[in-house]
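K.L.:
Pasting in a structure now, in structure tokens, and then I'll have a few things to ask.
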Amino acid sequence: MRGEMTNLSVRAAAVAGAFYPADPEVLRDQVDRLLADAPAPPPEAARPAAVIVPHAGYVYSGSTAACAYALLAGAEVDKVVVVGPTHRVAVRGVALPAADAFATPLGPLPVWPGARAALSDIPWVMVHEGTHRDEHAVEVQLPFLQRVLGDVAIVPLNAGAATGEEVADVIEALWDSPATLVVISSDLSHYLTYDQARSRDAATVAQIMALQGPLDHQQACGATPVNGMLEVARRRGLVPRLLGACSSGDTAGDRDRVVGYCAVAFYEGEDAS
């Protein structure tokens, strides 16, 4: 792993007030309302081992993300590995942050202190502060995690130019106990018409459900982390379950240029029924 340790630091929220509310009370109320409106999990249902969730503004994709997060409320989780793509600063490989915590309007979440040691032997992992500074894909997941899991430790990762196998190796190195949760942050197609997006996204979701990759970035902006998750699912025998899918044309946008979203949960084989 490339990069050096830094002094204790907190990565400030970059998209509060844009992708989600900056006011803590308004944010808390919005997330809680989205969770309350999501389908409730069956009694005694096992929690997912991993989820794919979208990362657009909450008015667009929050209801879809909530379908997954509602399954996690109160779960026994000691750390959450959150893997998103790089929208702003490209990297070769997978980037850890330099920060020791990530802030949201609801407070800071600690970065799991064992992450660097766990990934120290993987040459395509680096510490790269710049790619995390303004990136939204991980950040928009954090208020949901705070509301369902409290002050849980996180491992924020930005996956840049990397293969699905490389991302899978990173996830596997961090997945050291049943108390680890994996969150993959990705939207689907971008800026197609409503009907075009419905067709393309349906085909993409079918690939995900069949664990067939690799996806490309026309199918999903987070194709790189999704491909990593599909590889992990194949290795571990995880079973996907579609929780919801829509586009911005169904929520808060027009239908001329839409962005697609889906929420998928992955279960251990015995928990899939």
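The values are calculated or read from the model by the stated rules, or taken from the named source; none is laboratory data. Everything numeric in this text was worked out from a predicted model, so none of it was measured. Glycine gets a Cβ as well: all are built from the backbone with ideal geometry, and neighbour counts include every protein chain shown. Ligands, DNA and RNA are excluded from the accessible area calculation, which covers all protein heavy atoms including side chains. Shrake-Rupley method; radii C 1.70, N 1.55, O 1.52, S 1.80 Å.
K.L.:
Looking at the stretch 184-243 only, could you name the residues that are open to solvent by 70 Å² or more (accessible area, probe 1.4 Å) and part of a loop (DSSP other than H, G, I, E, B)? Working first, answer last.
P.N.:
Going residue by residue through the stretch 184-243, those that are open to solvent by 70 Å² or more (accessible area, probe 1.4 Å) are 191, 195-196, 198-200, 212, 214, 216-218, 234-236, 241-242.
Within the stretch 184-243, GLN212, PRO214, ASP216, HIS217, GLN218 qualify.
K.L.:
Further question on the same structure: Considering (1) open to solvent by less than 10 Å² (accessible area, probe 1.4 Å); (2) in a helix (DSSP H, G or I), say which one GLY130 fails and leave the rest.
P.N.:
Failing condition for GLY130: (1).
K.L.:
Yes or no: the stretch 57-66 includes at least one residue that is of a type in the set (A, V, I, L, M, F, W, C), closer than 18 Å to LEU149 by Cβ and over 20 Å from the mean Cα position of the chain (by Cα).
P.N.:
Within the stretch 57-66, the subset of a type in the set (A, V, I, L, M, F, W, C) is 59, 65-66.
Pick out the ones that are also closer than 18 Å to LEU149 by Cβ and you get 65-66.
So of that shortlist, the ones also over 20 Å from the mean Cα position of the chain (by Cα) come out as none.
Looking for residues that are of a type in the set (A, V, I, L, M, F, W, C), closer than 18 Å to LEU149 by Cβ and over 20 Å from the mean Cα position of the chain (by Cα), one finds none in the stretch 57-66, hence no.
Residue-wise test of (1) assigned to a strand (DSSP E or B); (2) over 19 Å from ALA14 (Cα atoms).
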residue: SER63; (1), (2): no, yes
residue: LEU71; (1), (2): no, yes
residue: GLU76; (1), (2): no, yes
residue: HIS87; (1), (2): no, no
residue: PHE102; (1), (2): yes, no
residue: GLN146; (1), (2): no, no
residue: ILE154; (1), (2): yes, no
residue: GLU166; (1), (2): no, yes
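K.L.:
Hey, can you tell me all the residues within the stretch 172-212 that are within 18 Å of the chain's Cα centre (by Cα) and either among the aromatic types (Phe, Trp, Tyr) or at pLDDT below 95 (or both)?
P.N.:
Across the stretch 172-212, the qualifying residue is only TRP175.
K.L.:
Sticking with this one: Starting from the stretch 113-130, keep only residues that are within 15 Å of ALA168 (Cα to Cα) and at pLDDT below 95, then list their pairs with residues that are open to solvent by 60 Å² or more (accessible area, probe 1.4 Å) and outside any helix (DSSP H, G or I) whose Cβ atoms are within a distance under 9 Å, requiring at least 6 positions of separation or different chains.
P.N.:
Note: no pairs meet the criteria.
K.L.:
Still on this structure, I have one more. If the Cβ limit is 7 Å and pairs must be 6+ apart or interchain, which residue in the stretch 197-221 that is on the phi > 0 side of the Ramachandran plot pairs with which residue that is aliphatic (A, V, I, L, M) and open to solvent by less than 30 Å² (accessible area, probe 1.4 Å)?
P.N.:
LEU211/LEU230; LEU211/ALA233
K.L.:
Here's a follow-up. What are the residues in the stretch 165-174 that are open to solvent by 20 Å² or more (accessible area, probe 1.4 Å) and over 17 Å from PRO113 (Cβ atoms), if any? Show your work before the answer.
P.N.:
Step one: of the stretch 165-174, the residues open to solvent by 20 Å² or more (accessible area, probe 1.4 Å) are 165-166, 169, 172-173.
GLU165, GLU166, ASP169, GLU172 - these are the residues of the stretch 165-174 that are open to solvent by 20 Å² or more (accessible area, probe 1.4 Å) and over 17 Å from PRO113 (Cβ atoms).
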